[in-house]
Amino acid sequence: MNDIDNIIEVDSSQGTGASFMKNDWINADARIPGCCYVRQFCVNTGTLSEPDEEFLTNYFDVFDYESEAPPQFLVWQHTKSFVCVYNENIVNFSVQYQDSYSNDPSTGYPKVVYWPTNSLNSTTVSLSTSTRHWFYLQDVSLPCGSYEYRYIVKNDQYSQEYNLDSGSFIITRRPYDVINTGIEQAAYVTSSGVLLKWDAVNPESGGTTYKLYFGKDPNNLQLIYTGTNNFHELNSMDFSSKYYWQVEAINIYGVSAKSLVYNFQTIGSVAKAYNYPNPFNPAKNENTNIVFDMQDNGFAELSIYTEFGDLCWRKTFDNLNKGTNQMSYDGRDDDGKELFNGTYVCKIKKKYGYGENTDKCRILIIK
């Protein structure tokens with residue numbers, strides 16, 4: 001209220017940007033000398049009223065008729081588009097109602113309308129009040145699939161429904177039974193290389209992506225592989241070290257599940273080749289593991305001889321890595337026949353790009 005040149009002007013303004021009805025109360029106590037005038041402006045008619053000597057309380061309505069910006073009654077309590085794995089097949093609809101004039105929504109509002117993607121069959125559900133004021137939610141059980149939805153609200157002071165833009169969501173099931181299908185838990189392996197294998201059940205079509213985490217600290221595993229293969233080979237590890245690994249299976253919607261944390265132990269460096277178990281029994285489908293050290297990358301030829309020098313079995317292993325290597329032998333000759341009881345000599349010829357060397361060990365078969 002300004003008193004300038006004995007004229008009192010009463011002004012009230014409201015910026016555009018939202019449609020609303022607002023009640024303004026003007027309280028003033030003024031006694032005006034006979035030469036002064038009070039001008040009262042009526043916002044509805046845009047006219048000046050006759051001057052009064054005194055006014056105590058005046059009341060009028062202000063209506064902003066900007067129709068392009070209806071009141072923002074609703075706000076999402078989640079992202080507009082989301083993937084839902086809440087209890088696997090239950091979607092949680094939740095919305096915040098806003099009204100600066102403390103008008104409650106009309107009965108049955110807010111509500112949500114949802115429908116399967118590319119379908120015209122929609123369902124409407126009224127949301128329930130939560131413990132928080134003007135916060136509404138509802139759990140709905142739906143089959144896995146892709147859906148679209150929108151929230152709607154109306155209150156008794158605003159004749160039209162207010163709609164949020166349409167959003168979308170996907171109900172999916174995460175992979176499960178992510179397990180180790182390769183080396184046994186806590187197995188002893190060579191430092192030159194080990195092949196990790198795993199598997200998972202994915203109830204969703206479209207393929208599975210795997211992430212492999214690996215390291216010496218089970219609480220700080222590092223991502224070393226991402227892809228669709230369910231195996232990965234590790235090479236050139238440290239001698240006599242314990243390693244940990246874990247696999248994460250991810251469906252096409254980015255929903256994942258992890259395996260347990262597995263571990264294995266690398267064997268130490270060997271000065272001379274050996275095999276274990278020794279003796280072993282091929283009649284019980286037992287194998288023995290022949291362990292030898294490669295001083296560099298290369299390949300090795302393993303040959304099994306009788307004590308009289310007769311060749312029983314021979315096989316070449318390519319692309320071996322520097323370090324301790326381990327090969328399995330089933331106690332049979334090149335024709336697949338089990339060897340007799342006795343002692344046999346395993347000769348290991350190791351070849352590199354610059355030369356070769358030979359190692360050997362004795363194998364004992366007892367049935």
Let me check I've understood the local charge: for residue 170, count other residues with C-beta under 15 angstrom from its C-beta, Lys and Arg +1, Asp and Glu -1. What total comes out?
0
If each of residue 286 and residue 188 carries a label point 7 Å out from its Cα toward its Cβ, how far apart are those two points in nm?
1.5 nm
Find the lysine pairs in segment 165-312 meeting two conditions, Cα atoms under 24 Å apart and a separation of 8 or more places or different chains, and report how many there are.
10
At 7 Å along Cα-to-Cβ for each site, give me the label-to-label distance between residue 242 and residue 263 in nm.
0.3 nm
Largest to smallest accessible area among 286, 307 [probe 1.4 Å]:
307, 286
PRE zone check, label point 7 Å out along Cα-to-Cβ of residue 81, amide N under 17 Å, scope segment 242-265, hits 252-255
Protection-proxy order for peptides 102-110, 219-227, each taking the mean of Cβ atoms within 10 Å per residue, highest first:
102-110, 219-227
Set the Förster radius R0 to 51 Å, insert the Cβ-Cβ distance between residue 224 and residue 303 as r into 1/(1 + (r/R0)^6), and round the FRET efficiency to 0.05.
0.90
Work out how much length residue 168 to residue 113 would gain on full extension: take 0.36 nm times their residue separation and subtract the Cα-Cα distance, in nm to one decimal.
18.7 nm
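The values are calculated or read from the model by the stated rules, or taken from the named source; none is laboratory data. Keep in mind that this is a model prediction, so the values were computed, not measured. Note that we place each Cβ from the backbone using ideal geometry, even for glycine, and neighbour counts take in every protein chain shown. Quick note on the areas: whole protein, heavy atoms, side chains included, nothing else; ligands and nucleic acids left out. Shrake-Rupley method; radii C 1.70, N 1.55, O 1.52, S 1.80 Å.
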